[in-house]
Every structure is written in structure tokens, then in C-alpha cells.
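Peer 1: Sharing a structure below in C-alpha cells format, with a few things to ask.
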Amino acid sequence: MEEKQIVYTLEGTGTRETNLKNEATNLMTKLKNQFGSTHSVTADAFGELGKDWSHEIKIRKGDKVGAAVTIKWVKTNPEVLTLSVDESSKMGSRILYGGLFSFMAIGAYLGYNHIGPFAALPGQKIATALSALIMAIPGIIVVYILKSMLLKNEKEENKQLVASVINVCKK
């Protein structure tokens with residue numbers, strides 16, 4: 001199995017925050033140079049430096065193909081910067097959130113109104129929470145099936161993109 005985590009050692013003479021932002025900016029520049037003509041490369045805003053800090057860069061090609069590079073720094077190990085690369089597509093996120101939250105909302109409604117299989121649960125708040133959690137299980141199953149059906153043609157392209165991103169990050 002291919003390594004999906006990369007560890008950098010922070011170097012530089014500036015402040016810790018400056019060094020982290022410089023590393024993230026350099027990585028973003030490398031990824032834009034490699035994938036900018038064929039893929040969309042975006043990053044979230046730089047967060048405040050606290051106990052830990054993270055930054056995400058997304059490389060996407062349409063809705064079905066994409067990768068996400070997550071940069072993490074922890075104050076307990078200040079000289080180490082960890083990069084992790086995973087598959088990430090807009091369509092996969094939409095399926096996950098739409099399907100899972102829909103099932104949980106239906107379960108919460110059924111539990112709150114003491115309908116169907118959740119009528120025996122005590123109280124409204126407990127019944128709502130428990131039935132939403134119970135309905136999350138079939139929701140996860142449906143999301144898994146939908147993602148495997150709808151994204152099966154792009155699975156190989158996603159693997160290649162993740163491998164390419166890992167190679168660019170290692171340089």
C-alpha cells in the first residue's frame with residue numbers, strides 16, 4: 001500500500017507562524033505549477049496558530065475527481081509538519097452529507113413524534129437523538145452503495161491523482 005503521509009521538518013529563521021505559512025504557500029505553488037492547467041487548485045484561509053494548526057489544499061477536476069492535502073502542525077512537536085493526502089470529490093461529499101443527514105433527519109422526526117419503530121423510546125429529546133443515531137446506520141450503508149455506484153468509473157483516476165500529488169509533495 002502506498003504511503004499517504006509525508007513528514008516535513010520545519011526550517012527557517014522567521015517566526016513559527018511565518019515558517020508554516022511559507023511552507024503552505026510553497027506547497028500550493030508546487031501544486032498549481034503541476035496541476036494548474038488541468039485541475040482546480042484551491043486552499044482554505046490560514047487559521048490562527050494555537051495548540052495545533054491545519055491547512056487544506058484541494059485539487060479537483062470536475063465534481064467526481066479530486067484530492068485533498070491536509071497540512072498539520074502540533075505545538076507538542078513544533079519542528080514537524082505532517083502532510084496527508086486523501087481522495088476528495090465534490091460529488092462524494094454531496095452524497096455523504098445529503099444522504100446521511102437525510103436519514104438522520106427522518107429518524108429524528110420519527111423519534112420526536114413517536115412514530116413507527118421509535119414509538120417505544122422514552123421522552124422526546126432522548127427519542128429524537130437515539131432515533132437519529134439509529135437511522136445513521138442505514139444512512140451510512142446507502143451512502144457507501146451510492147458512492148461506489150456513482151464514482152466507480154473515476155476510482156482509478158482518483159488513485160492516479162493522489163499518487164501524483166504525493167510525488168509532488170515529496171519533492
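Any read-out appearing in this document is the output of simple, stated calculations on the displayed coordinates, not a laboratory observation. Fair warning: this is a prediction, and the values are worked out from it, not measured in the lab. Glycine also receives a Cβ, built like all others from the backbone with ideal geometry; neighbour counts cover every protein chain displayed.
Peer 1: Step through the residues of the stretch 15-31 one at a time and calculate ³J(HN,Hα) from phi using the Karplus curve (6.51 cos²θ - 1.76 cosθ + 1.60, θ = phi - 60°), rounding each to whole Hz and writing x for Gly and Pro.
Peer 2: 6, 4, 5, 5, 5, 5, 5, 5, 4, 5, 5, 4, 5, 4, 5, 4, 5
Peer 1: I would also like to ask the following. Can you give the charge dipole size of the chain about its Cα centre, rounded to the nearest 20 debye, using +1 on the beta carbon of Lys and Arg and -1 on the beta carbon of Asp and Glu?
Peer 2: 280
Peer 1: Which shape class, rounded, prolate or oblate, goes with the stretch 55-171 when its Cα gyration tensor gives a ≥ b ≥ c as root eigenvalues, a/c under 1.5 marks rounded, and past that a/b bigger than b/c marks prolate?
Peer 2: oblate
Peer 1: Another question, if that's okay. What residue among Thr13, Thr29, Leu49 has its Cα farthest toward the positive end of the dipole of the chain, where the charges are +1 on Lys, Arg and -1 on Asp, Glu, each on the Cβ?
Peer 2: The Cα lying farthest towards the positive end belongs to Thr29.
Peer 1: Using DSSP to define loop residues, name the GluC sites (Glu not before Pro) in the stretch 45-95 whose beta-carbon has at most 13 other beta-carbon atoms within 10 Å.
Peer 2: When the GluC sites (Glu not before Pro) of the stretch 45-95 are filtered for loop state and at most 13 Cβ neighbours within 10 Å, Glu48, Glu79 remain.
Peer 1: Provide the per-residue ³J(HN,Hα) series for the stretch 129-144, in order, calculated from phi with Karplus coefficients 6.51, -1.76, 1.60 and θ = phi - 60°, each as a whole number of Hz, with x at glycine and proline positions.
Peer 2: In residue order, the calculated couplings are 5, 5, 5, 5, 5, 5, 6, 5, 5, x, x, 5, 5, 5, 4, 4 Hz.
Peer 1: Moving to a separate point now. Among Phe101, Ser88, Tyr144, which residue has its Cα positioned farthest towards the positive end of the charge dipole of the stretch 54-171, with +1 placed on the Cβ of Lys and Arg, -1 on the Cβ of Asp and Glu, and the dipole taken about the Cα centre?
Peer 2: Checked the options; the winner is Ser88.
Peer 1: Going by the alpha-carbon gyration tensor, a ≥ b ≥ c the square roots of its eigenvalues, is the stretch 7-114 rounded (a/c under 1.5) or, if a/c is not under 1.5, prolate (a/b greater than b/c) versus oblate?
Peer 2: oblate
Peer 1: Report the trypsin sites (Lys or Arg not before Pro) located in the stretch 71-156 that are in a DSSP loop and have at most 15 other Cβ atoms inside 10 Å of their Cβ, or state none.
Peer 2: Here the trypsin sites (Lys or Arg not before Pro) that fit, given the DSSP loop and packing criteria, are Lys75.
Peer 1: Divide by every residue of the chain the summed helix terms, -39500 (n - 2.57) for each DSSP H run of at least 4, and state the resulting mean residue ellipticity at 222 nm, rounded to the nearest 500 deg cm²/dmol.
Peer 2: -17500 deg cm²/dmol
Peer 1: Moving to a separate point now. Counting only C-alpha contacts under 8 Å and six or more residues apart, can you give the relative contact order of the stretch 1-149 as a whole percent?
Peer 2: This gives 17 percent for the stretch 1-149.
Peer 1: Using r as the Cβ-Cβ distance of Thr13 and Phe101, and R0 as 41 Å, what FRET efficiency do you calculate, to the nearest 0.05?
Peer 2: 0.30
Peer 1: Where the only charges are on Cβ atoms (+1 Lys, Arg; -1 Asp, Glu), what is the dipole of the stretch 109-171 about its Cα centre, to the nearest 20 debye?
Peer 2: For this selection, approximately 260 debye.
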